[in-house]
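Structure record follows, encoded as structure tokens.
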Amino acid sequence: MAQDTQVLIIGDYYDVPRQRLIDQYPCAIYEDAADPAALLAEIAPTCRAIASHAPVTAALMDALPHLGVIANFGVGYDLVDVAAADARGIKVTNTPDVLNDEVADLAVGLMLATCRRMIKADAYVRAGRWAAEGNMAFTQRVWGKRLGLLGMGRIGREIADRCAAFKMAVSYHTRTPKDVPYTYVGDLATLAGDSDILISVVPGTPETAGIISADIMTALGPNGVLINVGRGSAVDEAALIACLADGRLGAAGLDVFADEPRVPAALIEMTENVVLQPHHASATHDTRDAMGQMMIDNIAAHFAGRPLISPVN
Ligand code: A2R
């Protein structure tokens, strides 16, 4: 089968669309190869597409001379070396829009869980502490609070609209103002200082790396809450741990981390004011299916010589 392989599958995403892809095209699965270099050599004469949810490097591209498209599973394509793809005339696609509502739902859920200490409260009931010790300590209000959004793109807008329904005052920071009914703040530190809750939903780029620094968290303050559903790289994790530990920052709800799936032990130990999720904001059956289908549709468009559905370069 490997001799006529057209699509190389890399990374773990979702079985249903993955099987659909395998049913549709001769595929090779990178992770199944005992000798990945040998697999690449074998499929090099025919492989024209990569369907990926894993790093795609320049070296990998060079191993596949007929590669025309890298279809990334996910809206964030920071795992793909887009500059290297550009230099080789290879197209990169992602899966925008179909996950906006899903990620926004989880962002709001994480905000509620973090502010209202819902995970801790669940443990409190299960451990019999309610009966033994009485009511749990009071928590923090969400509705009516000041929300700062870092990022006002496709997902950010959905988060903002949901939070507006929670009667929150929504402000945001991006590099350029958007045409949205929310308050633009041109400086992130000012936004953090004027917010009770800061939600980050920016892509992982060199420019956003560590953008949520100790200064930003300090500006958010001892009662401030940081929620991150964008990319872990946007937060200076060492500073986050320090700020949470010494009370410069009140609480955090995190779906994304700098070195996934590894999560710093210090964060895992913080059960009082930290809620952790395994980067699953888009991970419902419906949405992962839609993302997978979009990935397949991009590959099909490339093979048919039609315009790509969601090119990023
Ligand atoms: O800066 P702008 O005007 O391009 O606004 C974009 C903002 N953004 C930034 N804001 C401040 N400083 C930066 N250095 C910076 N870079 C980007 O992030 C825009 O408002 C937002 C990204 O929006 P979209 O491209 O529509 O992305 P989407 O679909 O909302 O997804 C955001 C990220 C994905 O890249 C994944 O990492 C994750 O959420 O799922």
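Every number here is computed from the coordinates shown, using simple stated rules; none is lab data. What you see is a predicted model, and the numbers here were worked out from it, not measured in a lab. Methodologically, a virtual Cβ is constructed for each residue, glycine included, from the backbone with ideal geometry; neighbour enumeration extends over all protein chains shown.
A few points about this structure:
- Segment 1-159: C-alpha gyration tensor shape, a/c 1.5 cut-off, then a/b vs b/c: prolate
- Net charge, Ala104 excluded, C-beta distance under 9 Å - Lys, Arg +1, Asp, Glu -1: -3
- For Val56, distant residues with modelled amide H under 5 Å away: Val80, Asp81
- For the chain, the longest site-free run once chymotrypsin sites (Phe, Trp or Tyr not before Pro) in DSSP loop states with at most 12 other Cβ atoms within 10 Å are removed: 144-313
- Mean projected area (nm²) of the alpha-carbon convex hull when segment 7-75 is viewed from all directions: 4.5
- Neighbourhood net charge (14 Å Cβ-Cβ; Lys/Arg +1, Asp/Glu -1) for Thr5: -2
- Averaged over residues, the count of other Cβ atoms within 10 Å places the peptides 294-300, 261-267 in the sequence 294-300, 261-267, highest first.
- Under 5 Å, built H, 5+ apart or other chain: amide partners of Leu150: His173, Ile199, Ser200, Val201
- Straight Cα distances below 18 angstrom link Lys167 to the lysines Lys145, with same-chain residues fewer than 8 positions distant left out.
- Among the GluC sites (Glu not before Pro) found in segment 117-219, those both in a DSSP coil and sparsely packed, with 13 or fewer other Cβ atoms within 10 Å of their Cβ, are Glu207.
- Neighbour net charge for Ala54 - beta-carbon separation under 10 angstrom, K R +1, D E -1: -2
- Hz values of 3J(HN,Hα) by residue in segment 252-264 - Karplus curve (6.51, -1.76, 1.60), Gly and Pro given as x: 8, x, 10, 9, 9, 9, 5, 10, 5, x, 7, 10, x
- Cα gyration tensor shape for the chain, rounded if a/c is under 1.5, else prolate or oblate: prolate
- Among Gly148, Ala37, Ala84 the positive-end extreme of the charge dipole of segment 18-170 (Cβ point charges): Gly148
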